[in-house]
1. Could you tell me which of the residues Asp210, Asp198 is of a type in the set (D, E, K, R), surrounded by fewer than 19 Cβ atoms within 10 Å (Cβ to Cβ), modelled with pLDDT under 90 and under 29 Å from Lys235 (Cα atoms)?
2. Inspect all residues belonging to segment 302-314 and state whether any of them is farther than 23 Å from Gly208 by Cβ, surrounded by fewer than 16 Cβ atoms within 10 Å (Cβ to Cβ), of a type outside the set (Gly, Ala, Ser) and assigned by TED's automatic domain parsing to the domain that holds Gly411.
3. Within segment 385-412, restricting attention to residues that are over 33 Å from the mean Cα position of the chain (by Cα) and of a type in the set (A, V, I, L, M, F, W, C), which residue is nearest to Asp232 (Cα to Cα)?
4. Would you check if there is a residue in segment 273-280 being in contact with a helix residue (DSSP H, G or I) (Cβ under 9 Å, 6 or more places away or on another chain) and under 21 Å from Tyr422 (Cα atoms)?
5. Regarding segment 238-252, can at least one residue be identified that is buried (at least 22 other Cβ atoms within 10 Å of the Cβ) and closer than 27 Å to Asn185 by Cα?
6. Restricting attention to segment 160-187, which residues are at pLDDT below 90 and more than 25 Å from Leu97 (Cβ to Cβ)?
7. Between residues in segment 209-227 that are closer than 28 Å to Gly327 by Cβ and residues that are among the basic types (Lys, Arg) and in a loop (DSSP other than H, G, I, E, B), which pairs lie under 7 Å by C-beta distance while being six or more apart or on different chains?
8. Can you find even one residue in segment 214-227 that is among the polar types (S, T, N, Q), farther than 19 Å from Met307 by Cβ and modelled with pLDDT of 95 or more?
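The values are calculated or read from the model by the stated rules, or taken from the named source; none is laboratory data. This structure is a prediction, so every number in the text was calculated from the model and none was measured. Please note: Cβ atoms are built from the backbone with ideal geometry, for glycine as well, and neighbour counts cover all protein chains shown.
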Amino acid sequence: MDSKMKRTAVFFMTAMVLMILGIVIYTNWDVVEKRFLNKKTEQTVTSDSAQSADENSIDRVSGQVDDDLTAFMDDETFFNSESTLDKYKPAGDKNKLSIIVTSVEQDLRVQVVDNDGELVTGESFYINVEDNGEYKDLDQDGVVYIADLKPGDYYVSLEQISGYKVPDNPTKVKVKDKVEYVAINDISLLIKTEEEIDAALEDTAVNGADNDADDTENTGIRKDGNAQFGIDVSKWNKEIDWDKVKEAGVQFAIIRVGYRGSSTGALVEDPYFEENIKGAIAADIPVGVYFFTQAVNEVEAVEEASMVIQLCQDYNLDYPVFIDTEGAGGDGRADKLDAETRTLVCEAFCSTMKNAGYDAGVYASRNWLNENLNADDLDQYITWLAEYREAPLYQGYYQMWQYSSNGSIDGIEGRVDMNISYLEE
C-alpha cells in the first residue's frame with residue numbers, strides 16, 4: 001500500500017473514532033458536565049442549592065449521583081460511617097416530642113417523651129387539659145401529675161415550646177372513676193436508678209422486728225418438718241456467691257426488686273436486683289421478690305406493683321411477690337398513714353400482682369401487723385411474718401416466717417435474714 005492510501009486509511013479511522021467519541025459524549029452529556037465541567041462550580045453552590053441536590057439526586061447510602069457510579073469517590077465523607085449514617089438523618093428527630101397520658105383513678109399522668117421514647121427533662125413544659133386549664137412541669141422531670149379530676153373524656157395537649165416540635169393534635173384519654181388493679185404499661189419511664197437519686201435520703205427502711213426481738217432468737221439454719229429454709233437479700237448484702245449459698249443449704253431466696261423513696265417518692269430499682277436474681281436462678285435456687293413501699297394511696301401502690309411486674313417479666317418466680325410495709329425512720333412519706341389507708345395500699349399492690357398472674361403477699365413485723373394494718377382484711381394473701389424469737393407470739397395466720405436478721409451464710413458477708421416457708425412447693 002502506497003503512502004497516499006495509508007494516509008487516507010488513517011484519516012478515515014481517526015474520523016470514525018472521533019465520531020463514536022462524539023456520540024458517546026453527546027448521549028452522556030449530563031454526566032460529563034457534572035463529572036468534569038461543573039466540578040469547581042459544585043463546590044461553591046449555595047447551601048440551598050446543595051440541599052436541593054442532596055434531596056433530589058444523591059443516594060446517600062450508595063454514593064451514586066444520578067447515573068454516575070463513580071461519584072462516591074469525590075465524597076470525602078463517604079467511607080466515614082458516622083458521617084454517612086448520622087449526617088443524613090432527618091434533622092430535628094431528637095426535638096420531636098409526644099405525650100403519654102394515663103389514668104388510674106380520677107387523675108392523669110402526662111409524660112413528655114422524645115422520638116426515642118425517653119422522658120425529656122430539664123424543660124418547663126406546659127400541659128393543657130381542655131376545659132381545665134394549664135399545668136406546668138414544675139420540677140422539670142418530664143412528668144405532670146394532675147389529681148382530683150372528674151371521671152370522663154379529656155383532651156390533653158402539649159403547649160408549644162421553643163426548640164421542639166410538639167404534636168399537632170390533642171390526645172384523648174378517659175379518666176377512670178375507680179382504681180383498677182391493672183399494671184401500668186408505661187411505668188418503665190418512672191423507674192430510676194440509685195445514680196439518679198440520693199439513696200441515703202430515700203432508702204431508709206427501719207425494721208420494726210428488731211425492736212421486738214428477744215434473747216431466744218435463733219440465728220442458725222432451722223429445720224422445721226417439711227418447711228423450706230431460705231434467705232432474703234438486697235443491696236445491703238452486696239456481692240453474693242450464689243453457688244456457695246446453694247451449697248450451704250439455702251432452699252429459696254426472696255430478692256428485693258426495689259423501693260419507693262421515703263422522701264421524694266421516686267421508684268428506684270435495687271442496684272443488685274438483676275445480679276441477685278440471675279445469680280440465684282443460675283445456682284438453681286427458687287426465688288421470690290419483695291418491694292419496700294412508701295405508697296400513700298392505692299394509685300401509688302398500683303405504680304409500685306407495675307414496676308415489679310416490669311422488672312420481673314423475664315424471670316420465673318417460684319415464690320410470691322411481697323409488699324414490704326414497715327417504717328422509714330419516722331419521717332417517711334408513708335409513716336403517718338392510718339391502718340385503713342395502709343391496708344388499702346397493700347390490697348391494691350397485691351391485687352395488681354394477682355391480676356398479672358403472680359402470687360402475692362405482705363411482709364410485716366408482728367407489731368406492724370397488729371397496730372398498723374387491718375390484717376384480717378388481707379387474709380386472702382400470703383403473710384410473711386417478721387418476729388425474732390424462738391417461737392412467734394403473733395396470733396394470726398402466716399405462711400412464711402423471718403425468724404432472724406442476724407444469720408450467717410457461706411457466700412454472703414455480714415448479717416443475713418433467715419426465713420422458714422410453710423408454703424407448698
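1. Criteria check complete, one pass: Asp210.
2. Scanning segment 302-314 turns up at least one residue that is farther than 23 Å from Gly208 by Cβ, surrounded by fewer than 16 Cβ atoms within 10 Å (Cβ to Cβ), of a type outside the set (Gly, Ala, Ser) and assigned by TED's automatic domain parsing to the domain that holds Gly411.
3. Taking the candidates together, the pick is Ala391.
4. yes
5. no
6. Lys176, Asp177, Lys178, Val179, Glu180, listed by residue number.
7. What qualifies is Ala213/Arg389; Asp214/Arg389; Thr216/Arg389; Glu217/Arg389.
8. Checked against the condition, which is being among the polar types (S, T, N, Q), farther than 19 Å from Met307 by Cβ and modelled with pLDDT of 95 or more, segment 214-227 yields no hits at all.
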